[in-house]
Amino acid sequence: IQKIPIITKAILNQYSLEERSSPRAGRYMVNTGGSSGTPFGFYIEPSAMGHEWAHMHTIWEKLGYKHTDVKIAFGGRSNIKEYVEYDVVRNHFAVDIYADYNVIAKKLKIILKKYSVKYLHGYPSSIYDFAIYCDEQDEELKEILSKQLIGAFLGSEYAHKPYRKKIEDVFGIKTISFYGHTERAVLAYEKDEQFNFFPFLTYGFAEAIKNKEGKLELISTSYYNFASPLIRYNTEDIIE
């Protein structure tokens, strides 16, 4: 594989989406700026979802997660109905993180009387904001969640230590962080200790390659996307 040239978003963006894709049943287009902030569009196959969730569940199981457990999710969706909406596919209650937490809190208290929610999931910064709200403005909600919650799954952003500690302290729970991209070419998780990430080589082929400045960059090859295959794709993320 080392004989194959490394590609970047800039190289791929020189070509139309169709020129670098192939016809696949049910393919759908997604976009990402990634950590580099460079817009990049490509296709994803719906058949990859099972592969994705098998790995995600392996990560979450480290905190005792079972697929029947209910989560509260703090993501980037802004089209959530009534501020908190149940997602039947992912078995979680999605929260509109752009809404007033006072309104969200009222909705969650009704939900928490009917359901036992065991995990929080989403952007560390958003869960951190929510933890501050509960700690400083809603003792009742904090108490309810502290009794029900087991842990929090932190993804899509770097889980800064102050954010993480606050989440753990407010709710009395453990957290686990994982690293991945919309491109679905690499997925890594904290196998043994916090902030030390191991890539799943059953998910994609991950390589650490030195760039011109002598820093290690993360290169990845996707296994389960033939609609817009990524082979030796430079994530442009630096590995320490």
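The values are calculated or read from the model by the stated rules, or taken from the named source; none is laboratory data. For clarity, every value in this text was computed on a predicted model and none was experimentally measured. Neighbour counts run over all protein chains shown; Cβ positions are idealised from the backbone, glycine included. We work out accessible area using only protein heavy atoms, side chains counted, and drop any ligands, DNA or RNA first. Shrake-Rupley method; radii C 1.70, N 1.55, O 1.52, S 1.80 Å.
Can you spot a residue in the stretch 202-212 that is free of Cβ contacts under 8 Å to residues at least 24 places away in the same chain, under 25 Å from ILE44 (Cα atoms) and crowded, with 22+ Cβ neighbours inside 10 Å?
yes
Criterion first (of a type in the set (Gly, Ala, Ser) and within 28 Å of THR8 (Cα to Cα)) does ALA152 satisfy it? Walk me through how you get there before you give the answer.
Values: of a type in the set (Gly, Ala, Ser): yes; within 28 Å of THR8 (Cα to Cα): no.
So ALA152 fails the test.
Could you list, in sequence order, all residues of the stretch 176-223 that are touching a Leu at 6+ places or on another chain (Cβ under 7 Å) and of a type in the set (Asp, Glu)?
GLU183
So which residues in the stretch 1-56 are open to solvent by less than 50 Å² (accessible area, probe 1.4 Å), of a type in the set (D, E, K, R) and under 15 Å from ASN225 (Cβ atoms), if there are any at all?
ARG20, GLU45, GLU52 - these are the residues of the stretch 1-56 that are open to solvent by less than 50 Å² (accessible area, probe 1.4 Å), of a type in the set (D, E, K, R) and under 15 Å from ASN225 (Cβ atoms).
Considering only the stretch 139-179, state which residues are of a type outside the set (A, V, I, L, M), under 25 Å from GLU52 (Cβ atoms), open to solvent by less than 10 Å² (accessible area, probe 1.4 Å) and outside any strand (DSSP E or B).
Once the filter is applied, which keeps residues that are of a type outside the set (A, V, I, L, M), under 25 Å from GLU52 (Cβ atoms), open to solvent by less than 10 Å² (accessible area, probe 1.4 Å) and outside any strand (DSSP E or B), the stretch 139-179 yields GLY155, ARG164.
In the set ILE72, ILE59, which member is part of a helix (DSSP H, G or I), open to solvent by less than 90 Å² (accessible area, probe 1.4 Å) and at pLDDT 95 or above? Spell out the reasoning first.
Working: ILE72 fails: part of a helix (DSSP H, G or I).
Sole residue among the options that is part of a helix (DSSP H, G or I), open to solvent by less than 90 Å² (accessible area, probe 1.4 Å) and at pLDDT 95 or above: ILE59.
Only one of (1) open to solvent by less than 60 Å² (accessible area, probe 1.4 Å); (2) in contact (Cβ under 8 Å) with a residue 24 or more places away in the chain is not met by TYR115, so which one is it?
All conditions pass for TYR115, except number (1).
Among the residues of the stretch 75-93 satisfying the criterion of being out of contact with any helix residue (DSSP H, G or I) (no Cβ under 9 Å at 6 or more places or on another chain), surrounded by 15 or more Cβ atoms within 10 Å (Cβ to Cβ) and farther than 19 Å from PHE178 by Cα, which is modelled with the lowest pLDDT?
ILE80
Considering only residues that are among the aliphatic types (A, V, I, L, M) and open to solvent by 20 Å² or more (accessible area, probe 1.4 Å), which ones fall in the stretch 180-201?
If the condition is that a residue be among the aliphatic types (A, V, I, L, M) and open to solvent by 20 Å² or more (accessible area, probe 1.4 Å), then LEU201 is the only one that fits.
Only one of (1) among the aromatic types (Phe, Trp, Tyr); (2) open to solvent by less than 50 Å² (accessible area, probe 1.4 Å); (3) within 24 Å of GLY122 (Cβ to Cβ) fails for TYR233. Which number is that?
(3)
Is it true that THR221 is among the β-branched types (Val, Ile, Thr), touching a helix residue (DSSP H, G or I) at 6+ places or on another chain (Cβ under 7 Å) and part of a strand (DSSP E or B)? Can you show your working first?
Values: among the β-branched types (Val, Ile, Thr): yes; touching a helix residue (DSSP H, G or I) at 6+ places or on another chain (Cβ under 7 Å): no; part of a strand (DSSP E or B): yes.
Judged against the criteria, THR221 is not a match.
Might you let me know whether the stretch 64-85 holds any residue that is in contact (Cβ under 8 Å) with a residue 24 or more places away in the chain and closer than 17 Å to ILE231 by Cβ?
To start, the set of residues in the stretch 64-85 that are in contact (Cβ under 8 Å) with a residue 24 or more places away in the chain comprises 64-65, 67, 69-76, 82-84.
Checking which are closer than 17 Å to ILE231 by Cβ leaves us with none.
Looking through the stretch 64-85, none of the residues is in contact (Cβ under 8 Å) with a residue 24 or more places away in the chain and closer than 17 Å to ILE231 by Cβ.
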